[in-house]
Amino acid sequence: MFRNQYDTDVTTWSPAGRLFQVEYAMEAVKQGSAAIGLRSKSHVVLACVNKTNSELSSHQKKIFKADDHIGVAIAGLTADGRVLSRYMRSECINYSYSYESPLPVGRLVVQLADKAQVCTQRSWKRPYGVGLLVAGLDESGAHLYYNCPSGNYFEYQAFAIGSRSQAAKTYLERRFEKFMGSSRDDLLKDALFAIRETLQGEKLTSSICTVAVVGVGEAFHILDQGTVQALIEAFEIAGEEAPASEPTAADQPPPEPGVAADQGAPAEHDAAPMDI
């Protein structure tokens, strides 16, 4: 994308019917470190990649708790994500105080989308440069939503956003039909495998990823590094080896070399920019 006469204002339409400032905000999401989410009937798992600008600095927090039954993972501008997560937390508190019941996940997502849409229709504002994966559990079951800077929102069985997310999407698309019947541990396993796909050969350790879970009888919480590392070792998730579970997911298990070759292709095809 290049600067043109129609991208100086978020309210200016191009002759092709495009709002370039909104598209630029959506591009900012692709520059952030990867975040993934997947759900079953009873649980939702969020995971993200922790990236630092320098070896001397700590990583930015990418997963936030909005309430005991709702959490969010972000990709893009961390500052914008922090502001929106604070808004979500405030809405959950206000609803709980007024109605003495947890805020339904779908209602919160709509409010968040409306807040983002206002920024696409005011000349003195700019769109939020962050994408949010909202995980929650309410009376209707487990939910996973994606909120876009354009004000759109979608519900997913599994989704990935951020830099190099296409490799994770490819992995999730191959296995999403099994997610609804998956156990908590199976979801965590698939989440870690999907995160590993975004690393493109880099070894997966607990220090470069964050995992959170919410489910029936389990409030939203972020797993500590020791627990994540134990899961990585238990599932035997290495940096260069193919997931042991993937040959079983294929329609024809015997030709293992062919399956391995297919698994390597998406990583090379997905050449997204480095994280910022």
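Residues in segment 55-89 that are of a type in the set (Gly, Ala, Ser) and over 28 Å from SER42 (Cβ atoms): how many? Write out each step before concluding.
Just the residues of segment 55-89 that are of a type in the set (Gly, Ala, Ser), to begin with: 57-58, 66, 71, 73, 75-76, 79, 81, 85.
Subsequent filtering for residues that are over 28 Å from SER42 (Cβ atoms) retains 57-58, 76, 79.
Looking only at that region, the number is 4.
Within segment 67-79, track down each residue that is open to solvent by 10 Å² or more (accessible area, probe 1.4 Å) and in contact with a Lys or Arg (Cβ under 9 Å, 6 or more places away or on another chain). Full working, then the answer.
Let us first name the residues in segment 67-79 that are open to solvent by 10 Å² or more (accessible area, probe 1.4 Å), namely 67-69, 76-79.
Residues satisfying the conditions are ASP67, GLY76, THR78.
Mind telling me which of the residues PHE154, PHE220, PHE176, PHE159 ends up being modelled with pLDDT of 95 or more, more than 14 Å from the chain's Cα centre (by Cα) and not polar (S, T, N, Q)? Can you show your working first?
Details: PHE154 fails: more than 14 Å from the chain's Cα centre (by Cα); PHE176 fails: modelled with pLDDT of 95 or more; PHE159 fails: more than 14 Å from the chain's Cα centre (by Cα).
Going through PHE154, PHE220, PHE176, PHE159 in turn, the sole match is PHE220.
Under the condition of being in contact with an Asp or Glu (Cβ under 6 Å, 6 or more places away or on another chain) and more than 28 Å from THR120 (Cα to Cα), which residue from segment 150-174 is surrounded by the most Cβ atoms within 10 Å (Cβ to Cβ)? Reasoning before the result, please.
Looking only at segment 150-174, we keep the residues that are in contact with an Asp or Glu (Cβ under 6 Å, 6 or more places away or on another chain), and these are 163-164, 166-168, 171.
So of that shortlist, the ones also more than 28 Å from THR120 (Cα to Cα) come out as 167-168, 171.
Details: ALA167: 24, ALA168: 30, TYR171: 26.
The selected residue is ALA168.
Condition (residue is within 13 Å of GLY136 (Cα to Cα) and either outside any loop (DSSP other than H, G, I, E, B) or among the β-branched types (Val, Ile, Thr) (or both)) applied to segment 4-16: is it met by at least one residue? If you could, list the steps in order and put the result at the bottom.
Keep residues of segment 4-16 that are within 13 Å of GLY136 (Cα to Cα), which gives none.
Within segment 4-16, none of the residues are within 13 Å of GLY136 (Cα to Cα) and either outside any loop (DSSP other than H, G, I, E, B) or among the β-branched types (Val, Ile, Thr) (or both).
Would you confirm, using the coordinates I've provided, whether GLN117 is open to solvent by 60 Å² or more (accessible area, probe 1.4 Å), out of contact with any helix residue (DSSP H, G or I) (no Cβ under 9 Å at 6 or more places or on another chain) and in contact (Cβ under 8 Å) with a residue 40 or more places away in the chain? Give the steps one after another, and end with the answer.
Details: open to solvent by 60 Å² or more (accessible area, probe 1.4 Å): yes; out of contact with any helix residue (DSSP H, G or I) (no Cβ under 9 Å at 6 or more places or on another chain): yes; in contact (Cβ under 8 Å) with a residue 40 or more places away in the chain: no.
So GLN117 does not fit the description; no.
Within the set of pairs 6 or more residues apart or between chains, which connect a residue that is farther than 18 Å from ALA35 by Cβ inside segment 54-79 to a residue that is crowded, with 21+ Cβ neighbours inside 10 Å with Cβ atoms less than 7 Å apart?
ASP67/LEU103; ASP68/PHE220; HIS69/GLY136; HIS69/LEU137; HIS69/VAL214; HIS69/PHE220
Going through ALA25, ALA35 one at a time, which residue ends up being surrounded by 18 or more Cβ atoms within 10 Å (Cβ to Cβ), within 24 Å of GLY81 (Cβ to Cβ) and in contact with a Phe, Trp or Tyr (Cβ under 7 Å, 6 or more places away or on another chain)?
Residue meeting the stated conditions: ALA25.
Among the residues of segment 194-227, write down those that are touching a strand residue (DSSP E or B) at 6+ places or on another chain (Cβ under 7 Å), open to solvent by 10 Å² or more (accessible area, probe 1.4 Å) and in a helix (DSSP H, G or I).
ILE208
Working only within segment 129-149, note down all residues that are open to solvent by 30 Å² or more (accessible area, probe 1.4 Å) and either within 12 Å of the chain's Cα centre (by Cα) or among the hydroxyl-bearing types (Ser, Thr, Tyr) (or both). Explain how you work it out, then say what you get.
Step one: filter segment 129-149 for residues open to solvent by 30 Å² or more (accessible area, probe 1.4 Å), giving 137-140.
Hit for segment 129-149 is SER140, nothing else.
Quick one: count up the residues across segment 156-193 that are outside any loop (DSSP other than H, G, I, E, B), of a type in the set (Phe, Trp, Tyr) and in contact with a strand residue (DSSP E or B) (Cβ under 9 Å, 6 or more places away or on another chain). First the steps, then the outcome.
Pass one, segment 156-193, residues outside any loop (DSSP other than H, G, I, E, B): 158-161, 165-181, 184-193.
Adding the requirement that they be of a type in the set (Phe, Trp, Tyr) leaves 159, 171, 176, 179, 193.
Right, trim to in contact with a strand residue (DSSP E or B) (Cβ under 9 Å, 6 or more places away or on another chain) and you get 159, 171, 176, 179.
Of the residues in that region, 4 qualify.
So, in segment 1-22, how many residues would count as being touching a residue at least 40 places away in the same chain (Cβ under 8 Å), open to solvent by 40 Å² or more (accessible area, probe 1.4 Å) and either aliphatic (A, V, I, L, M) or under 30 Å from ALA135 (Cβ atoms) (or both)? Steps first, answer last, please.
Going through segment 1-22, the residues touching a residue at least 40 places away in the same chain (Cβ under 8 Å) turn out to be 9-11, 19, 21-22.
In the following step, the residues that additionally are open to solvent by 40 Å² or more (accessible area, probe 1.4 Å) were identified as 9, 11, 21.
Narrowing the set further to residues that are either aliphatic (A, V, I, L, M) or under 30 Å from ALA135 (Cβ atoms) (or both) leaves 21.
Residues flagged as touching a residue at least 40 places away in the same chain (Cβ under 8 Å), open to solvent by 40 Å² or more (accessible area, probe 1.4 Å) and either aliphatic (A, V, I, L, M) or under 30 Å from ALA135 (Cβ atoms) (or both) within segment 1-22 amount to 1.
Considering only residues of segment 139-151 that are modelled with pLDDT of 95 or more and not aliphatic (A, V, I, L, M), which is nearest to LEU187 (Cα to Cα)? Please lay out each step first, then the result.
Here is the first cut: in segment 139-151, the residues modelled with pLDDT of 95 or more are 142-151.
Next, only the ones that are not aliphatic (A, V, I, L, M) stay: 143, 145-151.
Working: HIS143: 14, TYR145: 17, TYR146: 18, ASN147: 22, CYS148: 24, PRO149: 27, SER150: 29, GLY151: 29 Å.
So the residue we want is HIS143.
Out of everything in segment 7-63 that is charged (D, E, K, R) and within 18 Å of ARG164 (Cα to Cα), what residue ends up being modelled with the lowest pLDDT? Spell out how you get there, then give the answer.
Within segment 7-63, the subset charged (D, E, K, R) is 7, 9, 18, 23, 27, 30, 39, 41, 51, 55, 61-62.
Next, only the ones that are within 18 Å of ARG164 (Cα to Cα) stay: 27, 30, 51, 62.
Numbers: GLU27: 95, LYS30: 94, LYS51: 82, LYS62: 94.
Ranking the qualifying residues of segment 7-63, first place goes to LYS51.
Quick check: anything in segment 80-93 more than 29 Å from ASP138 (Cα to Cα), open to solvent by less than 70 Å² (accessible area, probe 1.4 Å) and among the aromatic types (Phe, Trp, Tyr)? Full working, then the answer.
From segment 80-93, those more than 29 Å from ASP138 (Cα to Cα) are none; that's our starting set.
Scanning segment 80-93 turns up no residue that is more than 29 Å from ASP138 (Cα to Cα), open to solvent by less than 70 Å² (accessible area, probe 1.4 Å) and among the aromatic types (Phe, Trp, Tyr).
What number of residues within segment 25-34 satisfy the criterion of being assigned to a helix (DSSP H, G or I) and touching a Lys or Arg at 6+ places or on another chain (Cβ under 9 Å)? Outline the logic, then answer.
Taking segment 25-34 first, the residues assigned to a helix (DSSP H, G or I) are 25-31.
Add one more test, that the residue is touching a Lys or Arg at 6+ places or on another chain (Cβ under 9 Å), and what stays is 25.
The number of residues fulfilling the criteria is 1.
The values are calculated or read from the model by the stated rules, or taken from the named source; none is laboratory data. Everything numeric here is computed off the predicted structure, so don't read it as measured data. When we count neighbours, we look across all protein chains shown, and the Cβ atoms used for this are built from the backbone with ideal geometry, even at glycine. Note: areas computed on protein heavy atoms with side chains; ligands, DNA, RNA excluded. Shrake-Rupley method; radii C 1.70, N 1.55, O 1.52, S 1.80 Å.
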